[in-house]
Amino acid sequence: MTDIGGFHDHVARVDLSEGDVHYEGIDPDDARKYIGARGLGVKYVFDNGPNVDPLGPDNPLVFMNGPLTGTQTTMSGRIAVCTKSPLTGTVTDSHHGGWSGARLKWAGFDGLAFEGQADDPVYAYIEDGELELRDASHLWGSGIHETRDTIEEEVDGSYGKNLSTMAIGPGGENEVRYACIINEDDRASGRGGTGCVMGSKNLKAVVIKSSTKMPQPADQETFKEGHQQAMKAITESDVTAPNEGGLSMYGTNVLMNITEEMDGHPTKNGRYTSGNAYNEAEEGGEAAIDAERISGENVRENILVDEPTCHSCPVACKKEVEVDVMHKGEEMNVRMESFEYESAWALGTNSLNDDRDKIAVMIDRCNDVGIDTIEAGNILAMAMDATEKGYLDDIDDVGGQDPSARGTESDAGIDWGDADEMISMIERIAHRDDEFADLLARGQARFADAVGAHECRLDVKGQAIAAYDPRCMKGMGIGYATSNRGACHLRGYTPAAEILGIPEKVDPYEWEGKGELTAEFQDLHAISDSFDICKFNAFAEGIEEYVLQYNGMTGFDVSEEELLEAGERVYNLERYYNNLVGFDGDDDSLPEVFLEEGGTPGQGASEGEYCELEEMKDEYYEHRGWVDGVVPDEKLEALDIEVGPGTGVSAGDSGATASGDD
């Protein structure tokens, strides 16, 4: 039991196998040590034990709010979904914005922990502190948009007023390894395959009905001081200032032109560091691929129709667009949110595609079938690379593109930049329609194992990279490698310093100091993910504003140092879980293309650059106090992580391999 401000002390434990629901409180010691949301969710997953099948009944799926979720705190509309990933085998947490996290808090819940597997499809209906399992057989097979509309009518609610839905599409139902969970605002818990786990449990949706009931701070004056400081910082920032800052004006896609110009923009499955570099090398300097055509500036000028926002957010980074396209002879009108940078890159320039309007259709298709746009774009680019290099000659391709384009009638594959076929492939992958689509549904590592195309991979621990080239931004290299959930830009967003100069400008090409910088960003983001507030606040706010708002809401009196230690504790708990599964420093790797040994040097402004991974790993591990990627028992003790068997590794060891099942 806890009376900590910002918590309802109310978590639903749902046994889907038995159809039972019971309620429990929040452990106050855990709430202090792990904050909430990501931290508490990972603790639930850890306590369940690491040696579980990600798609088996024993793997928990935990939806968890933080103490600041759904409050007056700026950008506090987020929720964490935590589980063991079917894509990577690591612990994972995936967050989304919109209103569902806030509405779950307003309905009286801190979290939901689903266990077991239902015999038949169900959805969870939540209202006034109660959870009820309802039949979802009539929803199974439906896309996200149809599911959302059917539920709105069925429960007599209204999105934007008193209703939120978090659902899976065919991708989750068919256990695509990178299936995601989408809410009514097309916001995705995208990474790590949380939707795949949800599908394995026959859980179609989580539906929340509640009016606005924001929790009040335990210490009004302290919270008010922090909130005012935060708002001042946000409105004065060149990045976040409402209706002025780059993020507010152009959304995340403000980065498209910036990374292209600095040659930090992986193109043609990472072979090149920009579209311009590709054009020079393969197109005689002609602008065959132009990142500007899919940039935030271009989107705003040509297809923007609305700028919706999430709970308590003045920035409004979401950019809703509407397009009309012809797809294989069919006229299509699509209105969707949101044309994000990572999605546009993965489905765009990295796949040699700069058709802005068809990328919007692809994003919408991914959202409707419920698969991660970053992973989908990367797997398609990998398939294009594998096609070109001949790895797919013996794979059956039922319903694919014109085989004459590839030379034989039996070849599977997809050609570079074929936007129409990319649109079709998204549906085929979600339904695992044929051998080729089924292979792509498994993710990059398993696809490579099946066809031998390991040279075409752009993943770490099975999860694909994001839209930042580590030959240019060295901090992103060590960040991808040491992310606890596989390649990820959001575990420690070093481009804030390397591109935007936040909190101060650092040279993106300099590797020294990036190990420490990355660890500091990782710990800071573990805090914001555990609050749960949007990472974009970190473009303006800092630890001072975090402490004031956290103390004001909870009634605690923690120092900046204590809060930073809590972030470090969360990150180490995740790494400890992964160590027990079997991960160590050998898994903190990068795709070969980025490395000097066997790789391809950068071009243009990144001419001759590689990522100095091993040097940065040494620096990073020393700062962390880890031994070859493993958390030693002394570190666990120092951080007061008193759970599990320990790693059996000592800080005095020169190297280590953790025990456990892969």
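Could you order the peptides 20-29, 302-311 from most to least packed, using the average number of other C-beta atoms within 10 Å per residue? Spell out each step's value before the answer.
On the way: 20-29: 14.4, 302-311: 17.4.
Top of the packing list down: 302-311, 20-29.
Enumerate the amide H contacts of Leu163 below 5 Å, restricted to partners 5 or more residues apart or on another chain; note that Pro and chain-start residues carry no placed amide H.
For Leu163, whose amide H was placed from the backbone, the distant partners under 5 Å are Ser158, Ser210.
Kyte-Doolittle mean at least 0.0 and Cα extent at least 18 Å along the axis: which DSSP H helices of the chain qualify?
Numbers: long enough: 220-236 (24 Å, -1.24); 356-369 (20 Å, -0.24); 373-388 (22 Å, 0.50); 419-431 (19 Å, 0.15); 514-531 (25 Å, -0.33); 560-581 (32 Å, -0.88).
Long hydrophobic helices here: 373-388, 419-431.
By average Cβ neighbour count within 10 Å, what is the ranking of 240-246, 522-528 from highest down? The partial results should precede the final answer.
On the way: 240-246: 18.6, 522-528: 24.0.
Highest-to-lowest ranking by the protection proxy: 522-528, 240-246.
How about region 567-606: which GluC sites (Glu not before Pro) there are in a DSSP loop, with at most 10 other Cβ atoms within 10 Å of their Cβ?
Values: sites: Glu568, Glu574, Glu592, Glu596, Glu597; in loops: Glu596, Glu597.
Those that pass, being in a loop and sparsely packed, are Glu597.
Applying a 10 Å radius around every beta-carbon, put 604-611, 442-449, 347-354, 545-552 in order of their mean neighbour count, most first. Walk me through the intermediate numbers first.
Numbers: 604-611: 18.9, 442-449: 22.0, 347-354: 28.0, 545-552: 24.9.
In descending order of packing, they fall as 347-354, 545-552, 442-449, 604-611.
Please state the equivalent ellipsoid semi-axes for region 505-598: what are the square roots of 5 times the Cα gyration tensor eigenvalues, largest first, in whole Å? Numbers along the way, then the final one.
On the way: eigenvalues 178, 69, 22 Å².
Rounded to whole Å, the semi-axes are 30, 19, 11.
Provide the per residue accessible area, probe 1.4 Å, for the chain, rounded to a whole number of square angstrom. Walk me through the intermediate numbers first.
Working: 21720 Å² over 662 residues.
Accessible surface, normalised per residue, equals 33 Å².
Once the Cβ-Cβ distance between Asp393 and Ala281 is put in as r, and R0 is 30 Å, what FRET efficiency do you end up with, to the nearest 0.05?
Details: r = 26 Å, r/R0 = 0.86.
Once rounded, the FRET efficiency stands at 0.70.
Among the aspartates and glutamates, which have Cα under 13 Å from the Cα of Lys161 when same-chain residues fewer than 8 positions away are ignored?
Cross-link targets: Glu152, Glu184, Asp185.
Please list 3J(HN,Hα) in residue order for region 252-257, calculated via the Karplus relation 6.51 cos²θ - 1.76 cosθ + 1.60 where θ = phi - 60°; whole Hz, with x for glycine and proline.
4, 6, 4, 7, 4, 5
Skipping prolines and chain starts, which residues have an amide H placed within reach, meaning under 5 Å, of the one on Tyr23, given they are 5 or more residues away or on another chain?
Long-range HN contacts for Tyr23: Arg13.
Checking the a/c ratio against 1.5 first, then a/b against b/c, what shape does the Cα gyration tensor give for region 544-662?
Details: a/c = 2.74, a/b = 1.38, b/c = 1.98.
Verdict is oblate for region 544-662.
Could you bin all the Cα-Cα distances of region 238-316 into 10 Å bins starting at 0 and give me the percent of pairs in each, rounded to whole numbers?
19, 40, 25, 14, 2
Please identify the trypsin sites (Lys or Arg not before Pro) of region 554-645 that satisfy two criteria: DSSP loop assignment and at most 11 other Cβ atoms within 10 Å. Which are they? It would help to have the intermediate numbers written out before the result.
Numbers: sites: Arg569, Arg575, Lys617, Arg624, Lys635; in loops: none.
Hits after loop and neighbour filter: nothing returned.
Given the Cα-Cα distance of Asn302 and Glu130 and 0.36 nm per residue of separation, how much length would full extension add, in nm? If you can, show how the numbers build up before the last one.
On the way: separation 172, 0.36 × 172 = 61.92 nm, distance 4.56 nm.
Computed gain between Asn302 and Glu130 is 57.4 nm.
Describe numerically, in nm with one decimal, the distance between label points set 7 Å from Cα along Cα→Cβ at Met214 and at Asn51.
4.8 nm
Whenever you get a sec, compute what percent of the accessible area on region 232-304 sits on carbon and sulfur atoms (1.4 Å probe).
So the carbon and sulfur contribution to the accessible surface is 40 percent.
Give a residue-ordered list of calculated ³J(HN,Hα) values for region 313-320 (Karplus: 6.51 cos²θ - 1.76 cosθ + 1.60, θ = phi - 60°; whole Hz; x for Gly, Pro).
In residue order, the calculated couplings are 10, x, 7, 6, 7, 5, 10, 7 Hz.
Based on a Kirkwood Rh over C-alpha pairs, give the Stokes-Einstein translational diffusion coefficient of region 186-328 at 37 °C and viscosity 0.692 mPa s in µm²/s. Display every interim value, and only then the final one.
Numbers: Rh = 19.2 Å.
Stokes-Einstein gives a translational diffusion coefficient of 171 µm²/s.
Rounded to the nearest 500, what is the 222 nm mean residue ellipticity of the chain from helices alone, with -39500 (n - 2.57) per DSSP H run of 4+ residues and division by all residues?
Numbers: 24 runs with 238 residues, N = 662.
-10500 deg cm²/dmol, from helical runs alone.
Take the residue pairs Lys358/Lys389; Lys84/Lys474; Lys268/Lys514; Lys505/Lys535; Lys505/Lys635 and return only those whose Cα atoms are more than 23 Å apart.
Working: Lys358/Lys389 26 Å; Lys84/Lys474 28 Å; Lys268/Lys514 27 Å; Lys505/Lys535 18 Å; Lys505/Lys635 31 Å.
Beyond 23 Å between Cα atoms: Lys358/Lys389; Lys84/Lys474; Lys268/Lys514; Lys505/Lys635.
Based only on the alpha carbon positions, what is the Kirkwood hydrodynamic radius of region 262-421, in angstrom? Each step should come with its number before you reach the end.
Working: mean 1/r = 0.0598 Å⁻¹.
Here the Kirkwood hydrodynamic radius works out to 16.7 Å.
I'd like the GluC sites (Glu not before Pro) in region 262-325 restricted to DSSP loop residues with at most 11 other Cβ atoms within 10 Å, sorted by number. Could you put the intermediate results ahead of the total?
Details: sites: Glu280, Glu282, Glu283, Glu286, Glu292, Glu297, Glu301, Glu320, Glu322; in loops: Glu283, Glu286.
Listed in order of number, the matching sites are Glu286.
Excluding same-chain residues fewer than 8 positions from Lys328, which aspartates and glutamates have a Cα within less than 19 Å of its Cα?
Those aspartates and glutamates meeting the cut-off are Asp354, Asp355, Asp357, Asp364, Asp397, Asp402, Asp415, Asp418, Asp420, Glu421, Glu427, Asp433.
What ³J(HN,Hα) values, in whole Hz, does the Karplus curve 6.51 cos²θ - 1.76 cosθ + 1.60 give for region 390-396 when θ = phi - 60°, with x put for Gly and Pro?
Each residue of region 390-396 in turn: x, 6, 10, 4, 9, 9, 6 Hz.
Using amide H atoms built in the peptide plane, which far-off residues or other-chain residues are under 5 Å from Ala651 H to H?
Excluding prolines and chain starts, which carry no amide H, the hits are Asp633, Glu634.
Which of the aspartates and glutamates could a cross-linker bridge to Lys213, judged by Cα under 13 Å and excluding same-chain residues fewer than eight apart?
Counting by Cα, and skipping residues close in sequence, Lys213 has these aspartates and glutamates nearby: Glu127, Asp128.
The values are calculated or read from the model by the stated rules, or taken from the named source; none is laboratory data. Bear in mind the structure is a predicted one, so any value in this text is a computation, not a measurement. With ideal geometry, Cβ positions are generated from the backbone for all residues, glycine too; neighbour counts draw on all protein chains shown. For the accessible areas, the whole protein counts, side chains as well, though only heavy atoms, and no ligand, DNA or RNA atoms are used. Shrake-Rupley method; radii C 1.70, N 1.55, O 1.52, S 1.80 Å.
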